[in-house]
Each structure stands twice: as C-alpha cells, then as structure tokens.
Amino acid sequence: MTIHLLHIYDRNGNSLFAKEWSRKKSSNLTKVEEQKLLFGMIHSIKSFVTKMSPKDGKEGFISYTTSRYKIHFYESPTGLKFILLTDIFVGNIRETMKKLYSSVYVEFVVRNPLCPLNEPIRSSLFETKLETFMTGLSFFEDSN
Amino acid sequence: MQEDATNVLFELLHDELISYVYSNDIDMKSKQISILESHGFRIGQSLAEQLTKDSSRFKDELEIMKFVCRDFWSAMYQKQVDNLRTNHQGVYVLQDNCFKLLKRISSGKQYLEFAPRFLAIPCGFVRGALANLGINSIVTAEVISMPAVKFQIMIQRV
C-alpha cells in the first residue's frame with residue numbers, strides 16, 4: 001500500500017502545493033501542464049458526478065480507481081481541493097483527508113501569518129508536519 | 001485539540017495588527033516595533049490589573065516575576081514559562097521553548113527575520129504588567145531558533 005503523490009489547489013485552480021513520494025513513470029508533461037490537467041479533470045468529474053447521481057447526493061465525487069492507481073478527492077467547505085494518488089489497495093480515506101486538512105493545513109498554513117492565503121505554500125514547517133502525518137499513516141509505505 | 005475561540009481570535013487579530021503596521025501605505029516606517037510594543041504595554045497594564053484583582057499584594061520582586069512566569073503566561077499562552085533565570089541584580093531571563101505565537105510559523109530558521117515583529121506586543125505585555133505592579137523595566141526578546149524565545153527583563157531601579 002503506498003501513497004504516490006499529493007496536490008492541493010485553491011478554489012480557483014491555482015496549485016498551492018504538490019509533493020511526490022514515489023512515482024516510477026512520469027507523465028511527460030511539464031509541472032504546470034500536469035497541474036492544470038489534473039485540476040481541470042477533477043473539476044469536470046466533480047460536476048459530472050453530481051449531475052448523473054440518481055439520488056440527491058451528499059458528498060459527490062470521492063475517488064476513482066484504475067487498474068494501477070486510485071485518486072482520492074476531498075474538498076473543504078472553503079473550496080480547497082486535496083487530491084491524493086495512492087495504489088489500489090487503499091480504501092475510503094475521506095476521514096484521513098479531512099484530518100490532513102484540519103490538523104496540518106489549517107494548523108500550519110491558515111494559522112501561519114506569514115503564509116498568504118491562496119498562494120503557493122512555502123513554509124517548511126508545513127512540509128515537515130505533512131511528512132510526519134503521511135509517514136504515520138498505516139497505508140504509507142516507502143517502497144522504491 | 002479544539003482551541004478556545006477567544007485564543008484563536010486574539011492570535012488572528014494580532015497577526016492582522018502586525019500586517020497593518022507593516023503595510024506600505026502607513027506612515028510608520030522604522031517605528032513599527034515601538035508602536036506595537038506600546039500597544040502591548042497599555043494592554044499589559046490592564047491585563048495585570050485584571051489577573052491580580054482577587055489576589056493579595058506581592059511580597060517582593062521575585063514573587064512578581066513568578067506571577068508573570070506562571071499565571072500571566074498561562075492566561076495568555078496556555079502554558080507556563082519553561083525556565084526563569086536571574087542574576088539577582090535586576091536581570092531576569094524568561095525562556096519559553098515553544099512560544100505560542102511562533103509555533104505555527106516555523107521550527108528552525110525559516111522566517112527567523114520576522115520573529116521580532118511577533119514579539120513586540122508580548123514584550124509590551126510584560127513591561128506593562130510589571131509597570132502596573134510597581135516595577136519599571138526594559139523588556140527585550142531574542143530568538144535563535146524558532147519557536148524558542150528568551151525574554152530578557154532589566155529592572156530599572158531609580
């Protein structure tokens with residue numbers, strides 16, 4: 001079970017943070033292109049999922065699975081989008097992503113007066129805390 | 001770990017006040033730290049009155065310092081000062097290894113140059129509280145590695 005990468009976007013699609021842990025095959029796009037592609041796709045899936053839902057949905061798009069990886073999505077009430085790419089053996093980690101948002105992002109970015117809102121995150125304390133959080137997860141395995 | 005709404009509010013307001021004082025269109029360049037410190041001084045005076053209104057008079061200077069390290073620090077930052085040292089000749093050093101207002105900013109050297117602006121008001125708090133309890137002092141703060149802070153209090157004896 002592994003975590004491959006994490007992206008954080010603000011409500012306008014600007015990439016605030018991106019981190020890769022293990023990625024054997026790159027997508028041959030530049031960083032910016034890939035970020036835009038990811039955001040656009042997630043945005044489309046999100047609205048598609050809500051439109052096609054046969055019942056009134058509560059949460060909408062949570063994740064999608066392919067034969068090789070799984071993408072998990074969490075959007076905070078403030079429009080912040082967290083996208084986590086893991087392998088296929090990880091279950092529903094919505095609670096984990098909520099905790100990631102509240103105990104790492106809110107604590108060390110929102111409450112850091114030197115981190116301007118909606119701008120890429122430069123705080124190394126945030127990175128350290130994120131790393132601790134991720135490596136502490138039961139499904140994180142540093143397999144290279 | 002749910003934080004008290006009033007503590008969060010104080011920190012957020014404090015952050016905004018600092019960014020206002022340091023914003024470019026205010027005519028306060030080079031006086032920013034002393035403006036913040038004097039705000040802290042005035043607040044510290046009232047805080048001391050508020051926090052000691054039900055207790056008896058302090059025996060001596062050391063008792064007052066212990067009040068600052070324990071009760072005052074607990075009321076403001078929900079923890080006590082980690083270490084108090086004195087040379088018994090009017091200089092006291094208060095050490096806080098994880099100062100609340102800095103602990104979300106960095107642990108280490110990043111943003112170190114911004115630390116003084118976040119310590120101006122806390123220094124003012126101490127100076128104001130001491131002043132209202134009868135002690136005139138000069139209070140400065142030093143940060144070598146975030147978020148540990150050393151506050152140095154120099155008593156001014158007339």
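Go through the range A:65-87 and report how many residues are within 13 Å of the chain's Cα centre (by Cα) and not in a loop (DSSP other than H, G, I, E, B).
Residues flagged as within 13 Å of the chain's Cα centre (by Cα) and not in a loop (DSSP other than H, G, I, E, B) within the range A:65-87 amount to 12.
If you check A:Y74 against the conditions, is it hydroxyl-bearing (S, T, Y), in contact (Cβ under 8 Å) with a residue 40 or more places away in the chain, within 19 Å of A:I121 (Cβ to Cβ) and open to solvent by less than 40 Å² (accessible area, probe 1.4 Å)?
no
Starting from residues that are open to solvent by less than 50 Å² (accessible area, probe 1.4 Å) and assigned to a helix (DSSP H, G or I), keep the ones in the range B:17-40 and report whichever is modelled with the lowest pLDDT.
Among those that are open to solvent by less than 50 Å² (accessible area, probe 1.4 Å) and assigned to a helix (DSSP H, G or I), it is B:Q32.
Name the pairs: first residue in the range B:87-105 and on the phi > 0 side of the Ramachandran plot, second residue not in a loop (DSSP other than H, G, I, E, B), Cβ to Cβ under 6 Å, at least 6 apart or on different chains?
As it stands, the answer is B:G90/B:I155, since those pairs meet every condition given.
Here is a yes/no grid of residues against (1) closer than 28 Å to A:E131 by Cα; (2) open to solvent by less than 70 Å² (accessible area, probe 1.4 Å); (3) in contact with a helix residue (DSSP H, G or I) (Cβ under 9 Å, 6 or more places away or on another chain):
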site	(1), (2), (3)
A:L16	yes, yes, yes
A:K19	yes, yes, yes
A:K31	yes, no, no
A:V49	no, yes, no
A:D56	no, no, no
A:F61	yes, yes, yes
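Scan the range A:92-123 for residues that are under 15 Å from the mean Cα position of the chain (by Cα), in a loop (DSSP other than H, G, I, E, B) and more than 14 Å from chain B (Cβ to nearest Cβ) and jot them down.
If the condition is that a residue be under 15 Å from the mean Cα position of the chain (by Cα), in a loop (DSSP other than H, G, I, E, B) and more than 14 Å from chain B (Cβ to nearest Cβ), then A:N92, A:I93, A:P120 are the ones that fit.
Would you list the strands (runs of 3 or more DSSP E) that sit entirely within the range B:74-146 and hold 1 or more residues that are in contact with an Asp or Glu (Cβ under 8 Å, 6 or more places away or on another chain)?
B:91-96
How many of the residues in the range A:124-139 are without any contact (Cβ under 8 Å) to a residue 40 or more places away in the chain, among the aliphatic types (A, V, I, L, M) and more than 9 Å from chain B (Cβ to nearest Cβ)?
Selection size over the range A:124-139: 0.
Considering only the range A:94-110, I want to know if a residue exists there that is touching a residue at least 60 places away in the same chain (Cβ under 8 Å), open to solvent by 20 Å² or more (accessible area, probe 1.4 Å) and farther than 21 Å from B:F10 by Cβ.
Checked the range A:94-110: no residue is touching a residue at least 60 places away in the same chain (Cβ under 8 Å), open to solvent by 20 Å² or more (accessible area, probe 1.4 Å) and farther than 21 Å from B:F10 by Cβ.
Being in a loop (DSSP other than H, G, I, E, B), open to solvent by 20 Å² or more (accessible area, probe 1.4 Å) and touching a strand residue (DSSP E or B) at 6+ places or on another chain (Cβ under 8 Å), is that true of even one residue in the range B:60-68?
The answer is no, given that none of the residues of the range B:60-68 is in a loop (DSSP other than H, G, I, E, B), open to solvent by 20 Å² or more (accessible area, probe 1.4 Å) and touching a strand residue (DSSP E or B) at 6+ places or on another chain (Cβ under 8 Å).
Could you pull out the residue among B:D4, B:D82, B:D15 that is under 16 Å from the mean Cα position of the chain (by Cα) and within 14 Å of chain A (Cβ to nearest Cβ)?
When all the criteria are applied, what remains is B:D15.
Can you tell me which residue is farthest from B:Q89 (Cα to Cα) among those in the range B:124-135 that are in contact with a strand residue (DSSP E or B) (Cβ under 7 Å, 6 or more places away or on another chain) and open to solvent by 10 Å² or more (accessible area, probe 1.4 Å)?
B:R127
Looking at this structure, is B:F151 of a type outside the set (D, E, K, R), more than 14 Å from chain A (Cβ to nearest Cβ) and either open to solvent by 10 Å² or more (accessible area, probe 1.4 Å) or assigned to a helix (DSSP H, G or I) (or both)?
Considered against the rule, which asks whether it is of a type outside the set (D, E, K, R), more than 14 Å from chain A (Cβ to nearest Cβ) and either open to solvent by 10 Å² or more (accessible area, probe 1.4 Å) or assigned to a helix (DSSP H, G or I) (or both), B:F151 comes out as no.
Go through the residues of the range B:18-25 one by one and say whether even a single one is away from chain A (no Cβ under 14 Å) and not hydrophobic (A, V, I, L, M, F, W, C).
Checked the range B:18-25: at least one residue is away from chain A (no Cβ under 14 Å) and not hydrophobic (A, V, I, L, M, F, W, C).
Being touching a Pro at 6+ places or on another chain (Cβ under 9 Å) and open to solvent by less than 30 Å² (accessible area, probe 1.4 Å) is the filter here, so list the residues in the range B:77-107 that pass it.
Of everything in the range B:77-107, those that are touching a Pro at 6+ places or on another chain (Cβ under 9 Å) and open to solvent by less than 30 Å² (accessible area, probe 1.4 Å) turn out to be B:Y77, B:D96, B:F99, B:K100, B:L101, B:L102, B:R104, B:I105, B:S106.
The values are calculated or read from the model by the stated rules, or taken from the named source; none is laboratory data. Remember, predicted model here, so these are calculated numbers, not experimental data. A quick note on method: Cβ atoms are made from the backbone with ideal geometry, for glycine too, and the neighbour counts reach across all protein chains shown. Surface accessibility is based on the protein's heavy atoms, side chains included, excluding ligands, DNA and RNA. Shrake-Rupley method; radii C 1.70, N 1.55, O 1.52, S 1.80 Å.
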